[in-house]
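The values are calculated or read from the model by the stated rules, or taken from the named source; none is laboratory data. Computed from a prediction, not measured in an experiment: that's the story for all the values here. To get the accessible areas, we keep the full protein, side chains included, count just its heavy atoms, and leave off ligands, DNA and RNA. Shrake-Rupley method; radii C 1.70, N 1.55, O 1.52, S 1.80 Å.
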Amino acid sequence: TTTNRSSPVSVLGDAGGAGYGGYPTAHYTHSAVLDNNGKAWAWGMNTYGELGTNNTTSRSSPVSVLGGITVDLVWGSTYMNFALESDNHRVWAWGYNRGGYTLNVNSTSVSILSPILTRGLPFRYAK
């Protein structure tokens, strides 16, 4: 909802598990989180595809990102998100791609409305 609250409330509710199983990523325009099953969810403004829903419709409630893909981590920036896939550690990216942040040579689009695979990790990952 768009109701101001002075104390925490459940964001995911019953969608995708009993709580969240990762660190949330909150930005000026949107937020993203993992549920207990390793599924990514996002909500907020969607001007550049920050929610990864293949459109630019903003959402006040969480929407599923990456379909059935299980992830270990979601992180992002003001207008962009990344997710680290659990099974093979591929990195997905969506949102504002100005400057080529997705590391994907096949994408020159500024707005990436649906998650795309990057060329690799921008850091060394150890689980």
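Which of the following residues is open to solvent by 60 Å² or more (accessible area, probe 1.4 Å) and at pLDDT below 90: G99, G76?
When all the criteria are applied, what remains is G99.
In the range 35-64, what residues are over 11 Å from the mean Cα position of the chain (by Cα) and among the β-branched types (V, I, T)?
Across the range 35-64, the qualifying residues are T47, T56, T57.
Would you check which residues across the range 40-53 are among the aromatic types (F, W, Y) and assigned to a strand (DSSP E or B) and list them? Break it down stepwise before answering.
If we filter the range 40-53 for residues that are among the aromatic types (F, W, Y), which is where we start, we get 41, 43, 48.
Correct list: W41, W43.
For the range 54-103: of the residues being among the basic types (K, R) and outside any strand (DSSP E or B), which is nearest to N37 (Cα to Cα)?
Taking the candidates together, the pick is R90.
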